[in-house]
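Every number here is computed from the coordinates shown, using simple stated rules; none is lab data. Computed from a prediction, not measured in an experiment: that's the story for all the values here. Cβ placement follows ideal geometry from the backbone for every residue including glycine, while neighbour counts extend to all protein chains displayed.
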Amino acid sequence: MTKIDHLLKQTCEWLRGTGPNSDIVMSSRIRLARNLEKFPFSHWASKKQEKEILEVLETAVLGSELMKGSLYARMAEVDDVDKQFLLERHLISREQVVHPEFKGVAVGDKEVVSIMINEEDHLRIQVMQSGFNLQECWRIAGRVDDSLHKRTQFAFSPDWGYLTACPTNVGTGLRASVMLHLPSLVMTKQINRVIQAITKLGMTARGLYGEGTEAEGNFFQISNQITLGSSEADIIDNLERIIRQVIGHEENARKVLMKQNKELLMDRIWRANGALRSAYIINTKETMALLSMVRLGVDMNLISDVDRRAVNELLILTQPAHLQKIEGRVLSSAQRDARRAHLIRRRLEGR
């Protein structure tokens, strides 16, 4: 059994289904971009320099008091299924999967902290919490950042702040994001108006797996776009204010559905529940859509024999790499569809 296999035995921090506003907010995340002094950015560095950056940062990260005992892997030594598995758990980015040479990842206790080496920037510090909890994410991220500052020197300009490979990250290097479940705004056809409004306010909305992904299962990841010219506190406060408004819109949409279209809402929820409990073959996209409806039923107290955490876990356990890790072998697409349906039936039956 590899070290990565041990992650299967635990629930990701961001899937626990607890924390403030966890009926609508699945998770909160803070990501800090940092680069070493006296080295070119990753996309300009030579292979020799990339190797040196990796070695320097491995020493700094694994020597940090806050990351002691963490799982660490060099991406070039991780097989394709494990790479996809880490991506599905939001511990690495697509960039780490596509170009694995001279890249690494360290995963802390309970998967709260993950640190990527030689991604777009030399260092990406990521902290995730369940529910609407950006302040706690920032507190932890700040501690990790401070501990690494003591062990290495980051590229910093008195005029511009932290220097990063992408201009949109220059300044604080901070990207804050919140994952929301917004099925009622989708059902009432208000979601496009809401997304347009937050875009005008300098935010961006993406899917469950971030940049370049669609919002399957009615999950939307909302984050700040620019870091330059704002403090960390300002960025977080601004995002929190906008997220509270989005939460309010979703809550109102749920009330409207219950008042004006209760039968339609109940039909959607219970059809989804029935389909998941009886299907023998099901693909990822359909699974996401149906689990979204069941989660809505749980959150609105319309389904009582399933809890939020169980639904959240199924959202990840039914992903392709997770199914293959559970089975301990590579599965064809057809085999995955059958094993996915089997897993869902057993979990919803409480087994």
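Between the helical axis of 191-200 and the longest alpha-carbon principal axis of the chain there is an angle of about 20 degrees. The relative contact order of the chain comes to 19 percent, based on Cα pairs under 8 Å that sit 6 or more residues apart. Give the residues of the range 135-170 whose amide nitrogen is closer than 15 Å to a point set 7 Å from the Cα of residue 238 in the direction of its Cβ. The answer is 168-170, whose backbone nitrogens lie closer than 15 Å to the label point. Remark: the residue 334-residue 280 segment gains 18.3 nm on full extension, using 0.36 nm per residue and subtracting the alpha carbon distance. In the set [x] 20.4, 69; [y] 20.6, 64; [z] 20.8, 74, the label that goes with Rg and Dmax of the Cα atoms in Å computed for this structure is [y]. Once the Cα atoms are used to define both axes, helix 333-348 deviates from the longest principal axis of the chain by about 70 degrees. In a DSSP loop and with at most 11 other Cβ atoms within 10 Å, the chymotrypsin sites (Phe, Trp or Tyr not before Pro) in the range 1-106 are 44.
Given their separation in residues at 0.36 nm each and the Cα-Cα distance between them, residue 151 and residue 289 gain 45.1 nm when the chain is fully extended. Using a Gaussian network model of the chain in which every pair of alpha carbons under 10 angstrom is joined by a spring, one finds that among 181, 249, 90 the greatest mean-square fluctuation is at 249. Note on residue 200: lysines with a C-alpha under 29 Å away, same-chain residues under 8 apart excluded, are 189, 255.
The trypsin sites (Lys or Arg not before Pro) found in the range 282-343 that occupy coil by DSSP, while having at most 12 further C-beta atoms within 10 Å, are 329. Full extension of the chain between residue 65 and residue 43 yields a length gain of 4.9 nm, computed as 0.36 nm times the residue separation minus the alpha carbon distance.
The distance linking the range 64-102 with the range 1-54 is 8 Å (Cα centroid to Cα centroid, whole angstrom). In summary, the lysines within cross-link reach of residue 51, defined as a Cα separation below 27 angstrom excluding same-chain residues under 8 places away, comprise 3, 38, 68, 83, 103, 150.
Ordering 261-271, 56-66 by mean Cβ neighbour count within 10 Å, with the highest value first, yields 56-66, 261-271. Only helices enter this figure: runs of n ≥ 4 DSSP H residues, each worth -39500 (n - 2.57), summed and divided by the residues of the chain, yield -14500 deg cm²/dmol at 222 nm to the nearest 500. Using only the alpha-carbon atoms, how far is helix 284-299 inclined from the longest principal axis of the chain? Give it as 0 to 90 degrees, nearest 10. Value to nearest ten degrees: 70. Considering every alpha-carbon pair of the range 138-247, the percent of pairs per 10 Å bin, from zero through the bin containing the longest distance, is 13, 40, 30, 14, 3, 0. Using the Cβ-Cβ distance between residue 252 and residue 72 with R0 set to 45 Å, the FRET efficiency works out to roughly 0.50.
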